[in-house]
Amino acid sequence: MLSRRERLRFVASGTALAIGVVLALVAAHTPKDAVASEPPGELMRTGPTSMFARGTLGPALRALAQPYGVRLGSAVNSEALLRDPPYAEVLAREFGTVTAEDAMKWGRLEPSRGVYNWTPADQLVNFAARNGQQVYGHTLVWHEATPAWLTADELPRQEAADLLSGHITDVVTHFRGKVWAWDVVNEPLEADGSVRETLWSRSLGPDYIAQALRLARAADPSVRLFINDFGIEGVNQKSDALYAMVQRWRAAGVPIDGIGFQTHTTTSRGLPRSFVANLKRFAALGLDLAITEADVRMPLPVTPDLLETQAKIYGDAVRACLAVSQCVSFTVWGFSDRYSWVPTVHADAGAACVLDADLSPKPAYAALTSAFPMRSAG
Ligand code: XIL
């Protein structure tokens, strides 16, 4: 097995392209059933030297990001991980950390009350371990992706408290030592900064967020605890409210280690001008920061201009993270247009990821690589 430095040299050499072409030819001649017949649950062991289909990618993103102290991650579609070996191979090669796109959400983990289905999430955790990747836990409490048995608008206080405590304790305990961070509560705030009305806020009051943080800490003393939200990237009413909330939590000894900035955006909207200033003020509270769900959708059809605009936004997002030393993680919400969630929620938009549906790099991929100029670790 080659060391990282050897691999970089190897990839940088023209030999890589030649091997890539050979692999592409082999792949093109591999019958589809060969892929389909992979036994379920048996994930491919992808070594760090493996090249994938086109061989057109440069040094892996994870290696470029590492010397900067940034974990470079992607959300992962658990079904694709099992049935799409090239997808799994690119994931292993390019990303140093993974987030379950859906597999760790309440509805997936606990489809019946008290009965857990750990399998897809465990498969991802095992894949990550085999490929030297860390796992970012997403998410313990969210108003979406809830199980079918938990549809009440409000519950008696004690019952809600028991449910919240049971789920958080079971899940954090199960993944203890296997995930480095948790999104403890996802999307807790409204645009005006008020606490979103959910089953939990109605039953337990807005303090449910602090309770969730305490429960997570009790179940794992060392995992990093994050609050994750969208629309908090710039200085605005929502991020102001979160900032004030964190200050109150700090004063009251509520365990909070970091803020996740989802960073979903569009080619027309881009990033807020106050992005870096906002990251810096949260960092000044002593928090870790993570870009947790970056993607940049565009109106379809795709044009070269839109791809360039998208690339610039991805690059700027990485540079914003690098401008703040506590920004410890940069995660894209899916790395390939083959599986992006965007078309399922935005009718005329798509192409939001850094690789296209054929797993070929787009200008945005190159923008990520050049946002982390190559430098050696240490
Ligand atoms: C999305 C997933 O990508 C979809 O597969 C799923 O159907 C719905 O949820 N913010 C979040 C993520 O915090 O959990 C969401 O993920 C995208 C928006």
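For the range 226-239, which residues satisfy the criterion of being more than 16 Å from the ligand (Cβ to nearest atom) and buried (at least 21 other Cβ atoms within 10 Å of the Cβ)? Before you say what the answer is, go through the steps one by one.
So in the range 226-239, the residues more than 16 Å from the ligand (Cβ to nearest atom) come out as 234-237, 239.
Answer for the range 226-239, where residues must be more than 16 Å from the ligand (Cβ to nearest atom) and buried (at least 21 other Cβ atoms within 10 Å of the Cβ): just 239.
Please enumerate the residues belonging to the range 178-198 that are open to solvent by less than 20 Å² (accessible area, probe 1.4 Å) and assigned to a strand (DSSP E or B).
Across the range 178-198, the qualifying residues are 181, 182, 183, 184, 185, 186, 189.
In the range 87-116, which residues are assigned to a loop (DSSP other than H, G, I, E, B) and farther than 19 Å from residue 340 by Cα?
Of all residues in the range 87-116, those assigned to a loop (DSSP other than H, G, I, E, B) come to 95-96, 101-105, 110-111, 113-114, 116.
Those that are assigned to a loop (DSSP other than H, G, I, E, B) and farther than 19 Å from residue 340 by Cα: 96, 110, 111, 113, 114, 116.
Could you please find all residues in the range 194-225 being touching a residue at least 24 places away in the same chain (Cβ under 8 Å) and either within 15 Å of the ligand (Cβ to nearest atom) or within 22 Å of the chain's Cα centre (by Cα) (or both)? Talk me through it step by step, then tell me what you get.
In the first step, residues of the range 194-225 are kept if they are touching a residue at least 24 places away in the same chain (Cβ under 8 Å); the result is 194, 196, 198-200, 202-204, 208-220, 223-225.
The answer is 196, 198, 209, 212, 213, 216, 217, 220, 223, 224, 225.
Is the range 144-155 home to any residue that is among the aliphatic types (A, V, I, L, M), crowded, with 16+ Cβ neighbours inside 10 Å and at pLDDT 95 or above? Quick ask: steps written out before the conclusion?
Residues of the range 144-155 that are among the aliphatic types (A, V, I, L, M), as a first pass: 145, 148, 150, 152, 155.
Filter once more, so that each one left must be crowded, with 16+ Cβ neighbours inside 10 Å: 155.
Retained after the next criterion (residues that are at pLDDT 95 or above): 155.
Yes, the conditions are met somewhere in the range 144-155.
If residue 355 satisfies every condition in (1) away from the ligand (no atom under 13 Å from the Cβ); (2) open to solvent by 50 Å² or more (accessible area, probe 1.4 Å) but one, which is the exception?
Checking residue 355 against (1) away from the ligand (no atom under 13 Å from the Cβ); (2) open to solvent by 50 Å² or more (accessible area, probe 1.4 Å), the one that fails is (2).
State the number of residues belonging to the range 139-170 that are more than 16 Å from the ligand (Cβ to nearest atom), over 23 Å from residue 224 (Cβ atoms) and in contact with a strand residue (DSSP E or B) (Cβ under 9 Å, 6 or more places away or on another chain).
1
Name, by its number, the condition in (1) under 24 Å from residue 143 (Cα atoms); (2) surrounded by fewer than 19 Cβ atoms within 10 Å (Cβ to Cβ); (3) within 15 Å of the ligand (Cβ to nearest atom) that does not hold for residue 103.
Failing condition for residue 103: (2).
For residue 116, all conditions in the list (1) within 16 Å of the ligand (Cβ to nearest atom); (2) in contact with a Leu (Cβ under 7 Å, 6 or more places away or on another chain) hold save one; what is the number of the exception?
All conditions pass for residue 116, except number (1).
From the list 177, 137, 132, 107, which residue is out of contact with any Leu (no Cβ under 7 Å at 6 or more places or on another chain) and over 30 Å from residue 63 (Cβ atoms)?
Details: 177 fails: over 30 Å from residue 63 (Cβ atoms); 137 fails: over 30 Å from residue 63 (Cβ atoms); 132 fails: over 30 Å from residue 63 (Cβ atoms).
Only one candidate passes the filter, namely 107.
Name the pairs: first residue in the range 355-378 and within 15 Å of residue 74 (Cα to Cα) and modelled with pLDDT of 95 or more, second residue open to solvent by 50 Å² or more (accessible area, probe 1.4 Å) and not in a loop (DSSP other than H, G, I, E, B), Cβ to Cβ under 9 Å, at least 6 apart or on different chains?
What qualifies is 359/86; 364/312.
Output the helices (runs of 4 or more DSSP H) that fall wholly within the range 240-352 and possess 1 or more residues being under 19 Å from the mean Cα position of the chain (by Cα) and surrounded by fewer than 19 Cβ atoms within 10 Å (Cβ to Cβ), or say none. Spell out the reasoning first.
Details: elements: 275-283, 304-322, 342-345.
So the answer is 304-322, 342-345.
What about residue 328, is it touching a residue at least 24 places away in the same chain (Cβ under 8 Å), in contact with a Gly (Cβ under 7 Å, 6 or more places away or on another chain) and within 26 Å of residue 256 (Cβ to Cβ)? Lay out the reasoning, then the answer.
Working: touching a residue at least 24 places away in the same chain (Cβ under 8 Å): yes; in contact with a Gly (Cβ under 7 Å, 6 or more places away or on another chain): yes; within 26 Å of residue 256 (Cβ to Cβ): yes.
So residue 328 fits the description; yes.
The values are calculated or read from the model by the stated rules, or taken from the named source; none is laboratory data. Everything numeric in this text was worked out from a predicted model, so none of it was measured. Note that each Cβ is placed from the backbone with ideal geometry, even for glycine, and that neighbours are counted across all protein chains shown. Side chains are part of the model used for accessible areas, which takes the heavy atoms of the whole protein and leaves out ligands, DNA and RNA. Shrake-Rupley method; radii C 1.70, N 1.55, O 1.52, S 1.80 Å.
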